[in-house]
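Asks: Right, I'll just put the structure down here and ask away after.
What follows is calculated from the coordinates using simple rules that are stated; it is not laboratory data. Being a predicted model, the structure only gives us computed values, none of them experimental. Because the Cβ atoms are built from the backbone with ideal geometry, glycine has one as well, and the counts that use them run over all protein chains shown.
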């Protein structure tokens with residue numbers, strides 16, 4: 001199972017130089033990917049911008065939007081161009097994770113309705129694949145640049161509904177769980193596999209999950225402070241999410257073992273602070 005690490009792009013007040021050094025250090029430490037979390041109404045960096053900065057100082061590590069809120073991008077052709085640009089500039093390292101998002105204020109700020117967002121996502125996916133295939137859209141030809149990977153970047157979809165699993169089987173290469181226990185992952189992953197098989201897709205979908213972490217002497221306070229702010233809109237559920245963060249090397253190791261046993265292909269550990277020691281501490285925990 002691969003072990004990735006999130007960029008601290010959602011940690012308020014993270015300096016640009018810290019994000020860049022984090023990316024460089026994470027690659028040197030051997031992590032499989034750098035992940036970003038999508039949000040609009042929050043003081044975070046936009047995902048393509050953050051991963052573009054990371055791409056400039058790395059050469060091997062994958063770049064995963066885990067996940068980008070696709071329906072907020074009302075022009076799917078432009079979204080396809082942005083994704084293809086990052087994919088080509090990084091040498092084919094983009095993993096395009098997409099989801100619907102769960103916060104109504106992100107949609108309100110975008111002037112969009114949450115109604116029909118699943119249908120809009122399917123239209124976006126179909127359009128992006130047309131762009132990446134090189135379809136001619138007028139006298140100037142296709143919409144470039146051509147992605148480094150034929151047919152476009154790897155697509156991972158997030159969500160826990162049956163409709164999501166069917167979309168994975170129709171449009172995507174895999175699925176990601178946005179948070180939860182290894183038991184929850186195993187149950188949802190089985191549903192993804194079933195939808196994949198029912199659609200007649202060969203092989204198997206790649207399956208990922210996110211897990212929050214904080215390490216060091218103030219780990220618990222660090223996780224509580226950030227996660228209760230980030231998920232404050234969920235009320236008491238925010239405390240439950242914070243309680244599930246891995247706050248010791250032993251917890252990290254147990255999560256790795258449990259997710260691997262549940263059939264997970266990659267865990268992306270998401271930081272709750274932007275201190276660079278979090279990269280080395282996590283690397284030591286999973287070594």
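Asks: When a/c is below 1.5 the answer is rounded, else prolate if a/b is larger than b/c, else oblate, so apply that to segment 1-56 with a ≥ b ≥ c taken from the square roots of the Cα gyration tensor eigenvalues.
Replies: It is prolate, given that a/c is not under 1.5 and a/b is the larger ratio.
Asks: Run the simple label-point estimate for residue 221 and residue 237 please: 7 Å along Cα→C-beta, distance reported in nm.
Replies: About 2.9 nm separates the two model spin labels.
Asks: If the chain between residue 28 and residue 201 were fully stretched, how many nm would it gain, using 0.36 nm times the residue separation less the Cα-Cα distance?
Replies: 58.7 nm
Asks: Could you work out the Kirkwood radius for segment 2-286, taking every pair of different alpha carbons, averaging 1/r and inverting it, reported in Å?
Replies: About 19.2 Å, per the Kirkwood formula over Cα pairs.
Asks: Multiplying the sequence separation of residue 1 and residue 133 by 0.36 nm and subtracting their Cα-Cα distance, what value in nm do you get?
Replies: 44.4 nm
Asks: How large is the helix-only mean residue ellipticity at 222 nm for the chain, computed as the sum of -39500 (n - 2.57) over DSSP H runs with n ≥ 4, divided by its residue count, in deg cm²/dmol to the nearest 500?
Replies: Result for the chain, helices only: -14000 deg cm²/dmol.
Asks: If you stretched the chain out fully between residue 194 and residue 276, how much longer would it get, using 0.36 nm times the residue separation minus the C-alpha to C-alpha distance? Walk me through the numbers on the way to the answer.
Replies: Values: separation 82, 0.36 × 82 = 29.52 nm, distance 4.05 nm.
Here the answer is 25.5 nm.
Asks: What nm distance separates the two modelled labels at residue 18 and residue 261, each placed 7 Å from Cα along Cα→Cβ?
Replies: Using points 7 Å along Cα→Cβ, the separation is 3.6 nm.
Asks: Can you give me the angle between helix 47-56 and the longest principal axis of the chain, using Cα atoms only, in degrees from 0 to 90, rounded to the nearest 10?
Replies: That helix lies at roughly 80 degrees to the long axis.
Asks: Compute the acute angle (0 to 90°) between the alpha-carbon long axis of helix 182-198 and the principal axis of greatest extent of the alpha-carbon atoms of the chain; round to the nearest 10°.
Replies: For 182-198 against the chain, the angle is about 20 degrees.
Asks: Continuing with the same structure: Using alpha carbons only, how many angstrom separate the centre of segment 1-46 from the centre of segment 86-126?
Replies: Segment 1-46 and segment 86-126 have Cα centres separated by 19 Å.
Asks: Mind giving me the nanometre distance, one decimal, between the label points for residue 229 and residue 163, set 7 Å out from Cα along Cα→Cβ?
Replies: Calculated label separation equals 3.3 nm.
Asks: How high is the relative contact order of the chain? Use alpha-carbon pairs under 8 Å, at least six apart in sequence, and give a whole percent.
Replies: 20 percent
Asks: I've got another one for you. Only Cα pairs within less than 10 Å get springs; with that Gaussian network setup on the chain, which residue of 178, 235, 118 has the largest fluctuation?
Replies: Checking each option, the largest mean-square fluctuation is seen for 235.
Asks: Could I ask something else about it? Identify which of 53, 273, 223 has the largest mean-square fluctuation in a Gaussian network model of the chain, with springs joining Cα atoms closer than 10 Å.
Replies: 53
Asks: Taking R0 as 35 Å, what's the FRET efficiency between residue 122 and residue 248 from their Cβ-Cβ distance, rounded to 0.05?
Replies: 0.25
Asks: Let me ask something additional. Using a Gaussian network for the chain with springs between C-alpha atoms less than 10 Å apart, which of these wobbles most: 71, 150, 182?
Replies: Taking springs between Cα atoms under 10 Å, the residue moving most is 150.
Asks: Report, to the nearest 10°, how far helix 16-29 tilts away from the longest principal axis of the Cα atoms in the chain, using its own Cα long axis and a range of 0 to 90°.
Replies: Helix 16-29 and the main axis of the chain meet at about 80 degrees.
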